[in-house]
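Inspection log for the structure reproduced underneath, given as structure tokens.
The values are calculated or read from the model by the stated rules, or taken from the named source; none is laboratory data. All values derive from a computational prediction rather than experimental measurement. For neighbour counting, all protein chains shown are included, and Cβ atoms are generated from backbone atoms with ideal geometry for every residue, glycine included. When the accessible area is computed, the model is the full protein with side chains, heavy atoms only, and any ligands, DNA or RNA have been set aside. Shrake-Rupley method; radii C 1.70, N 1.55, O 1.52, S 1.80 Å.
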Amino acid sequence: QRLCDTCRAGFENAMDDDLNSSGALAAVFDFIRDANKMMDALEVGEAGGKNALALLDNLDQVLGIFAPQAEAEVPPEILALVQERQDARKAKDFARADAIRDELTAQGWVLEDTPDGPRVKKG
């Protein structure tokens, strides 16, 4: 709990200092580093883990930086279309790949090509 209180105070002090978001993030990253060390040493129980998650959720309401991965919520049929598009791109069938992208867009999904592969999220 003390670690959570320290993080919250550091975050709030930084944000109160002319919205010093880099200072606020530093407090969060220090918290994460210290919490990871405590978890590795088995010094954090279930209550401590819940407190840590609640704190991060609360801080995320301010900056919105801990968004869940969109891929975890994507239905299987959409993932199948994304894979089909990847296969079409590999086969250099760019017309089909573009048609699949259009189909995904029509269904309300945004497809982003990243260096780590395609990412799809609700649009």
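Would you mind telling me which numbered condition in (1) open to solvent by less than 40 Å² (accessible area, probe 1.4 Å); (2) within 18 Å of the chain's Cα centre (by Cα) LEU53 fails?
(1)
Can you pull out every residue in segment 36-85 that is at pLDDT 85 or above, assigned to a helix (DSSP H, G or I), within 24 Å of GLU103 (Cα to Cα) and not basic (Lys, Arg)?
PRO76, GLU77, ILE78, LEU79, ALA80, LEU81, VAL82, GLN83, GLU84
Working only within segment 83-93, note down all residues that are open to solvent by 80 Å² or more (accessible area, probe 1.4 Å) and touching a helix residue (DSSP H, G or I) at 6+ places or on another chain (Cβ under 8 Å).
Listed by number, the list holds a single entry, ARG89.
Report yes if some residue within segment 103-117 is open to solvent by less than 80 Å² (accessible area, probe 1.4 Å), modelled with pLDDT of 90 or more and either part of a helix (DSSP H, G or I) or closer than 30 Å to MET15 by Cα (or both); otherwise report no.
Yes, because at least one residue in segment 103-117 is open to solvent by less than 80 Å² (accessible area, probe 1.4 Å), modelled with pLDDT of 90 or more and either part of a helix (DSSP H, G or I) or closer than 30 Å to MET15 by Cα (or both).
Answer yes if at least one residue in segment 69-82 is open to solvent by 90 Å² or more (accessible area, probe 1.4 Å), touching a residue at least 40 places away in the same chain (Cβ under 8 Å) and in contact with a Lys or Arg (Cβ under 9 Å, 6 or more places away or on another chain), and no otherwise.
Within segment 69-82, one or more residues are open to solvent by 90 Å² or more (accessible area, probe 1.4 Å), touching a residue at least 40 places away in the same chain (Cβ under 8 Å) and in contact with a Lys or Arg (Cβ under 9 Å, 6 or more places away or on another chain).
For the list (1) part of a helix (DSSP H, G or I); (2) more than 30 Å from ASP34 (Cα to Cα); (3) free of Cβ contacts under 8 Å to residues at least 24 places away in the same chain; (4) open to solvent by less than 80 Å² (accessible area, probe 1.4 Å), I need the number of the one condition that ARG96 fails.
For ARG96, the exception is condition (4).
ARG96 - would you say it is modelled with pLDDT of 85 or more, in contact with a helix residue (DSSP H, G or I) (Cβ under 8 Å, 6 or more places away or on another chain) and basic (Lys, Arg)?
It is true that ARG96 is modelled with pLDDT of 85 or more, in contact with a helix residue (DSSP H, G or I) (Cβ under 8 Å, 6 or more places away or on another chain) and basic (Lys, Arg).
With respect to GLY123, is the statement that it is closer than 30 Å to ILE32 by Cα and open to solvent by less than 90 Å² (accessible area, probe 1.4 Å) true? Let's see the steps before the verdict.
Numbers: closer than 30 Å to ILE32 by Cα: no; open to solvent by less than 90 Å² (accessible area, probe 1.4 Å): yes.
No, not satisfied.
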